[in-house]
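Here's the structure, in structure tokens; my notes come after.
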Protein chains: 2
Amino acid sequence: MSARQVTLAEVAKQAGVSLATASRVLNGSTRQVSEDLSERVLRTAEELGYVPNASAQALARNSSSLVGLVVHDITDPYFSCIAAGVTRVAEEAGLVVVLGTTGRRPEREAELLSTLRAHRARAVVLAGSRTTDRAAQARLAAEIDAFTEQGGRVACVSQAKLGTDTVVPGNRAGGRALARALAELGHKKFAVLGGPSELVVARDRLAGFKAGLSDAGIAPPVVVNGAFTRDGGYEAAMELLASKSRATCVFAVTDVMAMGAMAALRERGVRVPEDMSIAGFDDIPTLRDTVPALSTVRLPLEEMGEIAAGLVLDAGGDEARTVRVAGEVVLRASTAHN
Amino acid sequence: MSARQVTLAEVAKQAGVSLATASRVLNGSTRQVSEDLSERVLRTAEELGYVPNASAQALARNSSSLVGLVVHDITDPYFSCIAAGVTRVAEEAGLVVVLGTTGRRPEREAELLSTLRAHRARAVVLAGSRTTDRAAQARLAAEIDAFTEQGGRVACVSQAKLGTDTVVPGNRAGGRALARALAELGHKKFAVLGGPSELVVARDRLAGFKAGLSDAGIAPPVVVNGAFTRDGGYEAAMELLASKSRATCVFAVTDVMAMGAMAALRERGVRVPEDMSIAGFDDIPTLRDTVPALSTVRLPLEEMGEIAAGLVLDAGGDEARTVRVAGEVVLRASTAHN
DNA sequence: GCAGCGCTGGAAAGCGCTTTCCCGCCACGC
DNA sequence: GCGTGGCGGGAAAGCGCTTTCCAGCGCTGC
């Protein structure tokens, strides 16, 4: 049907104006174009079904309308919520978001950044959790430099120390507040289902939790580490049970892990919360209907995505900005008095 | 640090070869380049940290490495699972996926397609459910034409009739099989929590379910429609309860809706499955740990995403291919004998 | 009355890359 | 020995757009 491709040149010719004029009309140029020419161009563009070639624009302007979003696993509700926030903001700004997934391999983060750089993405939101892997971190830092060097902006969700804009959830404070709240329920012996030790998010939550227990004069918890996934939680809980720990309350550093842990407890006939209280972190919306309802620390995930996107799209100074978002302890049915 | 931008020309000059040669070396050209030149180019590219400008490549080749993925809501696990499948395949193929979300507004689908066309995306996977809205459908069809016209490929997940490659889940057959299985449990009176009537997926599942009931000689179910979301399920269930229906088993056309429905039942003191059995559709992995475990029809969502991506990336004939994936009834604790 | 200015339109030079076309070279066959 | 190919290398013509630069024109201000 339509010709292979309608170009600006065709529109210009058809409208009887120069390429320059057509370009000025069809893209917010600072230059004025007279009313009638302008209208003529607009009309022919419409008639011909002209769609500007984004690659050509990107090339000519040396900047594209792409925004990168890097997550570990889009299937994980933690990331999909953040993604929702990011895409909403980006789409409102008329930008297009490109989604990269690392599959939790730290080195993929740098690779993706490099790809994004190749595409001249205008900005990138890194939602993956920072690791303590020095080499990966260094490569990532180098890529971030290269990216910003080239005029792109980078924001991280929950990774500080990279010299970029950052949205920092109150992992430490949240963990601490949660520990105190649980201590107030009367629990004396705690266990923690921690994430992989190289994940900073996991470490922070754990550290905060320990601090909170210490505030309450309670002995440090048993810690069992597992993967940052549902199965990780399941396995960690199994390990915990096998260890014959005397804990009456267990904190999984992630709601998703808590789900796995609850499955494990159920399987082993441990009732929640009668035999064991359990709490998570994040307050994943999709998981709010579980029974028993999970006590947790609420993070405004979608909003965090929005904030990150906002930071990264709003030119801002060259100073790295940090926005802290607080977690709010929400005690529900999965934690009982002891 | 690094220069503003390393271009192919710089690499070529530094390596003492022509632009053409450098290009041939650095991108799989059919043309041969002698061993030593080739090696020299490779080395200087490496040294200079050369990254090809994807926009320029796209422009010159008239095809980019972008793959579009259009979903209604990335937060919905149904879509995020599909998205995971699509991104995995795309990334393996060295492509970049751009994520568009419609927020369930049918007209956004066409808009996004147009944007994707502007970016010369090589392919698009449309995961949103087809509606019966004639106008939106027509616009979408036009955009799809324009897109394919331009050399792009389009695949749909669960939308047939658009003349594109399609991955079709057995919505009808699944609904039917589920109805039969539930009938075998002894239920006689059924209710269905349906999605918005203009959504084809919802209609198909409902139609299949009705057919299954009819197979079993059971009267048609009461149908209450709600939004295709957790809250939609909640409200539909509330409405059902208010209607004093005598149903002993309710089928929510979506697991996510079933979650909302279960919350409503719980709130109203209706025990599942003792007082009411409930079944969903999709078998969302994230929701598998809920209590009581939800009976449902399992769809290999991630795999569906992979298949769709596979179809769309594999040049294939010009014939529209259709891949059917079957749903498998999984009876769990949320449905009891009656 | 004219220099000077602001404003609009067009020509054309890129943006960084791919690819066609051409050229020189060598091996080969008659 | 010379025409024929085949092959590796380079020059250059785009790809579709933006943007600079220049030309023309109608004003204002002295």
* Determine the shape class of the stretch A:165-277: with a ≥ b ≥ c the square roots of the Cα gyration tensor eigenvalues, call it rounded for a/c under 1.5, and otherwise prolate if a/b is greater than b/c, oblate otherwise. => oblate
* Sequence ranges B:258-265, B:162-169, ranked by mean other-Cβ count within 10 angstrom, highest first -> B:258-265, B:162-169
* log10 I(q)/I(0), Debye, Cα-only the protein assembly as shown, no solvent, q = 0.12 Å⁻¹? -> -1.31
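Across the residues of A:283-290, average count of Cβ atoms on other protein chains within 10 Å?
What the average comes to for A:283-290 is 5.
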* To do: Any chance you could run the full-extension gain for A:LEU48 through A:ALA219? It's 0.36 nm times the residue separation minus the Cα-Cα distance, nm to one decimal.
  => 54.2 nm
* Asked: How about the stretch B:224-278: which trypsin sites (Lys or Arg not before Pro) there lie in a loop by DSSP and see at most 12 other Cβ atoms within 10 Å?
  -> B:LYS244, B:ARG246, B:ARG271
* **Most mobile listed residue (A:SER245, A:SER29, A:SER114) in chain A, GNM with C-alpha springs under 10 Å** => A:SER29
* Asked: Separation of the stretch B:66-105 and the stretch B:276-321 by C-alpha centroid, Å?
  -> 14
* To do: For the stretch B:207-293, state which GluC sites (Glu not before Pro) are in a DSSP loop and have at most 15 other beta carbons lying within 10 Å of their beta carbon.
  => B:GLU274
* To do: Place the label 7 angstrom along Cα→C-beta at A:ASP318 and in each other copy, then list the distances from the first to the rest in nm, shortest first.
  => 5.5
* To do: Please give the FRET efficiency for A:GLU10 paired with B:ARG105, using the beta carbon to beta carbon distance and R0 = 35 Å, rounded to the nearest 0.05.
  => 0.65
* Averaged over peptide A:292-305, how many Cβ atoms belonging to another chain are found within 10 Å of each residue's Cβ? -> 0
* Asked: How many lysine pairs are close in the protein assembly as shown, with Cα atoms under 18 Å apart and the two 8 or more places apart or on different chains?
  -> 8
* Structure fact -> Taking the label point 7 Å from Cα along the Cα-Cβ vector, the copy-to-copy distances for B:SER243, listed from shortest in nm with one decimal, are 5.2
* Top mean-square fluctuation among A:GLY175, A:GLY217, A:GLY100, Gaussian network model of chain A, C-alpha springs under 10 Å? -> A:GLY217
* Once you put a point 7 Å from the Cα of B:SER18 and another 7 Å from the Cα of B:VAL291, both along the Cβ direction, what distance in nm separates them? -> 7.4
* What translational D, rounded to a whole number of µm²/s, comes out for the stretch B:67-123 from Stokes-Einstein when the hydrodynamic radius is the Kirkwood one over Cα pairs, at 4 °C and 1.567 mPa s? -> 112
* **Computed helical MRE - 222 nm, chain B, DSSP H runs ≥ 4 contributing -39500 (n - 2.57), nearest 500** => -14000 deg cm²/dmol
* Of all DSSP beta bridges located in chain A, what percent are antiparallel, nearest 5? -> 10
* Structure fact -> at A:ARG31 the sorted inter-copy label distances (label 7 Å from Cα on Cβ side), in nanometres, are 3.6
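Where a number appears in this text, it was derived from the coordinates with a stated rule and is not lab data. Model, not experiment: these values are computed from the prediction. Cβ coordinates were reconstructed from backbone atoms using ideal geometry, including for glycine residues, and neighbour counts include every protein chain displayed.
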